[in-house]
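What follows is calculated from the coordinates using simple rules that are stated; it is not laboratory data. The structure presented is a predicted model; accordingly, all values stated were derived computationally and were not measured. Please note: Cβ atoms are built from the backbone with ideal geometry, for glycine as well, and neighbour counts cover all protein chains shown.
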Amino acid sequence: MSSAQIEIQIIASLVAIACAIPGTFLVLRKMAMISDAISHSILPGIVVGFFITQDLNSPLLILLAALTGIITVVLVEYIQKTGLVKEDTAIGLVFPILFSIGVIMIAKNANDVHLDVDAVLLGELAFAPFDRLIVSGIDMGPKSLWIIGSILIITIGLLFAFFKELKISTFDAGLAASLGFSPSVIHYGLMSVSSITTVGAFDAVGAILVVALMIAPAATAYLLTNNLKRMLIYSISFGVFSAISGYWLAHGLDASIAGSITTMLGVLFLAVYLFAPSKGVIAVMYREKQQRTEVSLLTFLLHLKNHTEESERHVNHLNEHINWQKVRSKTVLDLALKNNMIQLDKNIVSLTEKGDHFTSQAIDYIITNEDGKIEHMKDDFFLFRG
Amino acid sequence: MTKIAVQIDDLTVAYNYKPVLWDIDLEIPEGVLMAIVGPNGAGKSTLIKSILGILKPIAGSVSIYNKPYEKQRQLVAYVPQKGSVDWDFPTTALDVVMMGTYGSLGWIKRPGQKQKKAALEALEKVGMLPFKNRQISQLSGGQQQRIFLARALVQNASIYFMDEPFQGVDATTEIAIINILKELRKAGKTVIVVHHDLQTVPEYFDWVTFLNVKKIATGPVKDIFNDDNLTKTYGINYKVSIQE
Ligand SMILES: Nc1ncnc2c1ncn2[C@@H]1O[C@H](COP(=O)(O)OP(=O)(O)O)[C@@H](O)[C@H]1O
Ligand SMILES: [Mg+2]
């Protein structure tokens, strides 16, 4: 690996981490759209900032552009407060306008501004190592590394300081407000970090990848864990993994790095969406099938409980009687046997003590809907979970 | 003369400039277990949120023991309506109860062993200790409501505001909750509950406020919980049979 290659991967990974942290909270607050809005509407801020500073990497430009991000959020909320349109409509109104203002500004000043819309959307990660920070003649590494590194350090610092505040205001804004943790202060703090990260990252990776890196890793992590800290760690890991594997994919295919990283994010999400242990599509389908079987089991057990006469309890008779096909009957019979709920004696089925007890409890639960008593049953049977 | 725990003067609250509470005057004496009743959309949740500084009123004032709410946060605990939070949020029962301690910690400071111990005790009190590590979406409606109650208990407040704590709970949980509320009253706390089931008002509460955009009446249940006030509040000719 050349040092440029290593530098690109480090920059991409740092961007991924810096995006995953605010992204996790955006996803939990169901505000994925707002990051899209910010990433586009910062464009006029960047152009104006560039006129003033003449340097795409100037911190002043980053702050000016981030301010445009905040203005977007304020505008969206203002339009929404009028009660005339919903939030997503408000977002859809604001950011295309700001974005097109930016595009027009670039077009009008094409000669003065070394910016083009493609670069804004897709970034120029491959060129990042060539724009270097030189301090009194010493090469300090790529400028974007310093920019995104600084932003990341601030983000991590804020995350550690305000983790509790972020958590409570995201979960229960009402309680947070009543305890004195102003949800709007936290909201605008998060929006500021998102905006600054977006601006800092956009030069390297472009607007589209910034959005993808904020939302996709967090959405993927959300499917895998029930713990906020772990969700953050997973988001970060997925982001970094996609950044590095996306880089090599681009290398192999001779394709756009940003595009390849976005592809990896998509592939990762799809895989988890399908195979996640409890929230994945396949797991959900399996659970539903199990629940159907368990309902059948219960029906079957209840039948046994209500009929003492042997003729009603003959294996063959059950097929006809409960009106199930052979396969279904066999599945149910097997499940009952496996759980020691029935015993078979010369093809006559009868409830065991455990089966009898289980049936009463289950029916009792279904009728009264009283929890507590059936906690131990939840572990074995899907039927009684949520 | 008992002390006044909560005093509300000329309170008007609006969403998007449309007032949903008009000119409310209300005094809640210390030590009552009070129901707020009124039809859907009457502004019951709005009233509580305005008292707790979550919403800014367009007119009027609220004081808690004669001082503005901002100075008295430590005295007040709040149980929001269950539907107001996302139960799929990645967190556990214990963690949610711990949130009740955040107010006493203030900004930045993290909860430690002391807060954890208090949260565990509160979980024990509402019978939810065995579920402390359960993800909150895996809890039944009644269990979620108990978690919310535990979170308020851990605040160790003087005044408790609860928005429909009996919503979607089973009979056992309802009894468990009301027993805890009665215990709080016995300990001299003031408990204010948005309540829907008019039948149980006389049995559960000793004080009641009728609300429908305006305050209709407030006072002891035995004096003012009658068909006249119910009709004024609910519009139609309302009758409840009050069991003695
Ligand atoms: N965030 C909001 N924005 C606009 N209107 C609201 C909002 N919350 C509540 N309202 C309206 O205010 C009125 C009172 O609501 P609320 O206090 O929730 O009533 P209650 O709790 O008594 O059912 C209702 O008409 C409701 O539609
Ligand atoms: Mg309400």
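Results, tabulated for the structure shown:
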quantity: Reciprocal mean inverse distance between Cα atoms of segment A:3-277 - Kirkwood radius, Å; calculated: 19.0 Å
quantity: Residue-averaged 222 nm ellipticity for the protein assembly as shown, from DSSP H runs of 4+ at -39500 (n - 2.57), nearest 500; calculated: -19000 deg cm²/dmol
quantity: Chymotrypsin sites (Phe, Trp or Tyr not before Pro) within segment B:66-119, DSSP loop, no more than 15 other Cβ atoms inside 10 Å; calculated: B:TRP107
quantity: Gaussian network model of chain A, springs between alpha carbon atoms under 10 Å - residue of A:GLY180, A:GLY280, A:GLY92 with greatest fluctuation; calculated: A:GLY180
quantity: A:MET285-B:THR231 pseudo-label distance in nm [points 7 Å out on the Cα-to-Cβ vector]; calculated: 6.2 nm
quantity: Ranked list, fewest to most other Cβ atoms within 10 Å of each Cβ, for A:LYS229, B:LYS189, B:LYS49; calculated: A:LYS229, B:LYS189, B:LYS49
quantity: Of B:LYS116/B:LYS182; A:LYS86/B:LYS71; B:LYS182/B:LYS214; A:LYS30/B:LYS232; A:LYS354/B:LYS132, those spanning more than 32 Å from alpha-carbon to alpha-carbon; calculated: A:LYS86/B:LYS71; A:LYS30/B:LYS232
quantity: At R0 = 30 Å, FRET efficiency that the Cβ-Cβ distance of A:GLU309 and A:LYS338 yields, to 0.05; calculated: 0.70
quantity: Averaged over B:101-108, number of beta-carbon atoms from partner chains that fall within 10 Å; calculated: 5
quantity: B:GLU30 paired with A:SER58, simple spin-label distance in nm, labels 7 Å along Cα-to-beta-carbon; calculated: 6.2 nm
quantity: For the protein assembly as shown, share of DSSP beta bridges that run antiparallel, in % to the nearest 5; calculated: 65 percent
quantity: Residue of A:ALA65, A:ALA250, A:ALA258 that the Gaussian network model of chain A assigns the largest fluctuation, springs spanning Cα pairs under 10 Å; calculated: A:ALA250
quantity: Over segment A:64-156, relative contact order from alpha-carbon pairs under 8 Å, at least 6 apart, %; calculated: 12 percent
quantity: Mean shadow area of chain B over all directions, Cα convex hull, nm²; calculated: 13.9 nm²
quantity: Rg/Rg_ref, the protein assembly as shown, where Rg_ref = 2.2 N^0.38 Å and atoms are Cα; calculated: 1.18
quantity: Order of A:ILE91, A:ILE6 under a 10 Å beta carbon neighbour criterion, fewest first; calculated: A:ILE6, A:ILE91
quantity: Chain B, relative contact order in percent, only Cα pairs under 8 angstrom and at least six apart counted; calculated: 26 percent
quantity: 11 Å beta-carbon shell around B:ALA59, net charge (K/R +1, D/E -1); calculated: -2
quantity: Candidate lysines for bridging to B:LYS67, where Cα separation is under 16 Å - those fewer than 8 sequence places away on the same chain excluded; calculated: B:LYS3
quantity: Over 20 Å between alpha carbons, listed pairs A:LYS164/B:LYS117; A:LYS305/A:LYS338; A:LYS279/A:LYS338; B:LYS56/B:LYS82; A:LYS81/B:LYS49; A:LYS279/B:LYS82; calculated: A:LYS279/A:LYS338; B:LYS56/B:LYS82; A:LYS279/B:LYS82
quantity: Sequence-distant aspartates and glutamates (8 or more away, or on other chains) whose Cα lies within less than 20 Å of A:LYS229; calculated: A:GLU165, A:ASP172, B:ASP86, B:ASP88, B:ASP95
quantity: Ratio Rg/Rh [Cα only; Rh per Kirkwood] for segment B:30-85; calculated: 0.96
quantity: Folded to 0 to 90 degrees: helix B:171-186 orientation relative to chain B principal axis, Cα; calculated: 80 degrees
quantity: C-alpha long axis of helix A:32-53 to longest principal axis of chain A, angle in °; calculated: 10 degrees
quantity: Charged-residue dipole, Cβ positions (Lys, Arg, Asp, Glu), chain A about Cα centre, Debye nearest 20; calculated: 440 debye
quantity: Intensity falloff of segment B:54-98 expressed as log10 I(q)/I(0), Debye formula with alpha-carbon point scatterers, at q = 0.17, 0.22, 0.24 Å⁻¹; calculated: -0.73, -0.92, -0.97
quantity: Chain A: angle of helix A:59-81 to the longest principal axis, Cα-based, in degrees nearest 10; calculated: 50 degrees
quantity: Percentage relative contact order, segment A:3-277, counting C-alpha pairs under 8 Å, at least six apart; calculated: 29 percent
quantity: Sequence-distant aspartates and glutamates (8 or more away, or on other chains) whose Cα lies within less than 16 Å of B:LYS186; calculated: B:GLU30, B:GLU203, B:ASP206
quantity: Fewest-first sequence of A:LYS164, A:LYS330 by Cβ atoms within 10 Å of each Cβ; calculated: A:LYS330, A:LYS164
